[in-house]
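First comes the structure, then the notes that go with it.
Please treat every number below as a calculation from the coordinates, not as lab data. Please read all numbers here as calculations on a predicted model, not as lab measurements. Cβ: placed from backbone, ideal geometry, glycine included. Neighbour counts: every protein chain shown.
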Number of protein chains: 2
Amino acid sequence: MPRSFMTHLECPKCSETYDPGQIQHLCRCGAPLLVRYDLERARRHVTPDDVARRAPTLWRYRELLPVQHDENEVSLGEGMTPIVPLSRLGARHGLPQLYLKDEGLLPTGTFKARGAAVGVSRAKELGIETLALPTNGNAGAAWAAYSARAGLRAVVVMPQLAPEITRKECDITGSDLYLVDGLITDAARLVGQAVGQADWYDVSTLKEPYRIEGKKTMGYEIAEQFGWEFPDVILYPTGGGVGLIGIKKALDELQQLGWVGQRRPRLVSVQAEGCAPIVRAWQDRQRVSDPWDAAYTVAFGINVPKALGDFLVLDALYQTEGCAVAVPDSEILAAQAELGRSEGLFVCPEGAATWAAAIRLAQSHWIRPTDKVLLLNTGAGLKYPETVAASAPTVPLDGPLPLAGRGTHH
Amino acid sequence: MPRSFMTHLECPKCSETYDPGQIQHLCRCGAPLLVRYDLERARRHVTPDDVARRAPTLWRYRELLPVQHDENEVSLGEGMTPIVPLSRLGARHGLPQLYLKDEGLLPTGTFKARGAAVGVSRAKELGIETLALPTNGNAGAAWAAYSARAGLRAVVVMPQLAPEITRKECDITGSDLYLVDGLITDAARLVGQAVGQADWYDVSTLKEPYRIEGKKTMGYEIAEQFGWEFPDVILYPTGGGVGLIGIKKALDELQQLGWVGQRRPRLVSVQAEGCAPIVRAWQDRQRVSDPWDAAYTVAFGINVPKALGDFLVLDALYQTEGCAVAVPDSEILAAQAELGRSEGLFVCPEGAATWAAAIRLAQSHWIRPTDKVLLLNTGAGLKYPETVAASAPTVPLDGPLPLAGRGTHH
């Protein structure tokens, strides 16, 4: 029995197919390629019960992942992040079935580890020596870490405004890091120019087919952790949108495998008001988005003015009867604070945006009290210290501590 | 069948017993109290196979934990952190069976989450409303988070020099945070004074019996993840030493349960040369340590000049034929960098100290090439940005990227 039931790569736009044994990037028509599997054969060889007995990493779904040989699996122990019920918060806002999947508990502290683990594994399997990518920070840090783990060289280009900790992650894992005084789209242009001249493997979002396979494991885990069914609503902070595309791909594959029923979760794309190209396109019922001018949000990971996979994100929203919501930075920071004080979670601003959006959707009755609602927190707040202002008093060495407290507790 | 097989609290020094249904702190003789279980009865009711089928959190060992009612379990999804093989690093240093358990992948980014999860759960179960603790930062952040999750108030006192991110964690989770211009021992004195006057529950290291029960789950997991046997050597960065005491307690309990054999891992206490009271006591074959003067190390979490449980740490070293090793900060930072570049791991300096110590012990042949060696990384490097100097060049918006690279890759 093979480790992986991958058969070929396919263009979701023009249906052209490609050999996964060769290095592939975009389809000739310009669209991203998706990995396809022999799901009929896979379902005869592996069951949810088999999966349940495996170690709690994303590699428990190895038959539905593209890595063909065990020795190419590059792992730092990623996957099976917890889903925590938010009972107190949910009760307060009329959402008694509210949950959060905490992707901050992955190596490098964000969900980017999933795409990097599978992407770097496949790069290694294909004999790559140097890979390159533009990033808003966290993807670069993740690919740098997994490249070091695999013994590959990583070239990372990120905006100067990207979270500072991600520079340090690139440094300590020995990658070649460059900064640009611009946006991720500027970084992408520089990478695109360089890979044309050097023997580098371009792992920009969706420009190679395997990152999305790592991201889709979020969908597999969500289904497994809820007893092989999806919740009613999944809110996802959308920059490049690969995670949302991945969750939709997981849904399609799991339905074909017969591991979940035919009911679909409504997928919600959450963006910041300062950069909301998907929201605007969804409101106008467009199939693709227009680039967003003068993009800026505190949730830097979703500061993406134009996503290559925008049409796949919009397809996923339309096909699941989902929606797209933009929230202002002020509500993002308020949501982050509420998650901290009410549930003890220190989430990244991108993750907090999903809670801000859920509050709005509950108020407009788009989310109903009977819905099972899942927030996707894509990373640890630890990576965003600048989003929290800490001002603690210093007490004298001989005391006393003020017994009445500071009055900050809720 | 009860959820927990806890029977009583016992003093490891004078054997006095106490009722766990009441709030308890130290024994009348001044020593910390340990939780005891009816292990004979437990072994008839639960097996490793039962455990294997449960969700990957530390609560999979619930029969051997002190929480008696499900509704008091305060969880953010903590536990079952990965153990990653370090093949490249091990081969380079003549340690072909080298592993690292990555406690950075816990809520709040450090192993402190284990003690806080179980400690706060029991505090809730005992009806506590306000708890207080001194901390070098990470424990305070963890107890603040779990207190928020439980709806309790936390009073946290930490040195001004503690990692800045831990202040922000305390802030966003709504705790009462105070700073002192001194060491953790100064913070402890202030907390001690205050709890005498206010109705606060003192959760200082080992002053309540339940934090150690959370920490011991590291030992349970290590055994389970290695197929219910311990590796030959476990290196642990030692500040207060509760994790090491907990691992030793896990060993004793698992042997009594018959879940592991009688072979014992050699436990190694790793400290920094700038604060090494346990190492000095071990070298002098003392049963307790003397306070360390002018303590300072970049590995701030182990900057503990005198630990309340020092005699338990030293007992564990003597009983397992372990040892204690001090390493200078320069070797700690070099070890951190090597783990990053060679294996893609960004560990905290305390965790890096274990690798620095392993190199020394391999050179002195105390660790043999046939030994299975486990490093315990107690936290994420993400919480220590100041330990990494990142200096990346900015490239012009019109490029080009230097194709030859920066020469930083190993």
Neighbour cut-off at most 13 other Cβ (10 Å), DSSP loop, chymotrypsin sites (Phe, Trp or Tyr not before Pro), the stretch A:55-127: none
Virtual spin-label span in nm between A:Ser391 and A:Phe226, 7 Å along Cα→Cβ: 4.2
5 Å-binned pair-distance histogram of the stretch B:231-357 (Cα, whole percent): 2, 13, 21, 22, 18, 12, 8, 3, 0
For B:Asp315, inter-copy label distances in nm, listed shortest first [label point 7 Å out on the Cα-Cβ vector]: 6.4
Inter-copy label distances at B:Glu229 (7 Å, Cα→Cβ; nm, one decimal): 4.4
Kirkwood hydrodynamic radius over Cα pairs of the stretch A:79-196, then Stokes diffusion coefficient at 20 °C and 1.002 mPa s, in µm²/s: 139
Shortest-first nm distances, A:Asp19 label point to equivalent points in other copies (7 Å, Cα→Cβ): 7.8
For the stretch B:178-240 and the stretch A:167-221, distance of Cα centres in Å: 40
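Antiparallel as a % of all DSSP beta bridges within the protein assembly as shown, to the nearest 5? Each step should come with its number before you reach the end.
Working: 24 of 86 bridges.
Within the protein assembly as shown, antiparallel bridges account for around 30 percent of the total.
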Listed pairs A:Lys372/B:Lys168; A:Lys248/B:Lys112; B:Lys207/B:Lys249; A:Lys383/B:Lys112; A:Lys112/B:Lys112 exceeding 28 Å between Cα atoms: A:Lys372/B:Lys168; A:Lys248/B:Lys112
Karplus-derived 3J(HN,Hα), 6.51/-1.76/1.60, for each residue of the stretch A:178-188, Hz, glycine and proline x: 10, 10, 10, 8, x, 9, 4, 5, 5, 4, 5
Residue closest to axis [chain A; rotation mapping onto B; Cβ; Å]: A:Pro56, 2
Semi-axis lengths, Å, the protein assembly as shown, gyration tensor of Cα atoms, sqrt of 5 times eigenvalues: 42, 29, 27
Spatial separation of Cα centroids for the stretch B:258-318 and the stretch A:302-333, in angstrom: 52
Rg/Rh for the stretch B:312-410, where both radii come from Cα atoms and Rh is the Kirkwood radius: 1.13
For the stretch A:17-34, Karplus couplings with θ = phi - 60° (6.51, -1.76, 1.60), whole Hz, Gly/Pro x: 10, 9, 7, x, x, 9, 5, 10, 10, 7, 5, 4, 7, x, 8, x, 9, 10
Computed label-point distance, nm, for sites B:Gln193 and A:Leu403 using a 7 Å Cα→Cβ extension: 1.3
Separation of alpha-carbon centers, the stretch B:1-36 and the stretch B:108-155, rounded to whole Å: 20
Fraction of alpha-carbon pairs over 38 Å apart in chain B - percent: 17
Rg/Rh (Cα only; Kirkwood hydrodynamic radius) as it applies to the stretch A:134-221: 0.96
Positive-end residue, the stretch B:16-150 charge dipole about Cα centroid, Cβ charges, pick of B:Pro48, B:Cys27, B:Ala148: B:Pro48
Listed residues B:Thr57, B:Thr110, B:Ile83: farthest to the positive end of the dipole of the stretch B:37-112 (Cβ charges): B:Ile83
Square roots of five times the Cα gyration tensor eigenvalues for the stretch B:1-123, Å: 31, 19, 16
Relative pair counts by distance (%), Cα atoms of the stretch B:191-272, 10 Å bins: 18, 42, 24, 12, 5
GNM result for chain B, Cα springs below 10 Å: residue of B:Arg60, B:Arg153, B:Arg341 fluctuating most strongly: B:Arg341
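If the only charges are +1 at each Lys and Arg Cβ and -1 at each Asp and Glu Cβ, what is the size of the charge dipole of the stretch B:166-323 around the Cα centre, to the nearest 20 debye?
Values: 16 positive and 22 negative charges, 64 e Å.
So the magnitude is around 300 debye.
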Volume in Å³ per residue [convex hull over Cα atoms, computed for the stretch B:11-75]: 121
Average beta carbon contacts from partner chains per residue of B:195-207, 10 Å cutoff: 1
Phi to ³J(HN,Hα) by Karplus 6.51 cos²θ - 1.76 cosθ + 1.60 over the stretch A:323-332, Hz, x for Gly, Pro: 7, 10, 9, 10, 10, x, 4, 4, 6, 4
The protein assembly as shown, helix-only ellipticity at 222 nm - DSSP H runs n ≥ 4, -39,500 (n - 2.57), divided by all residues, nearest 500: -10500 deg cm²/dmol
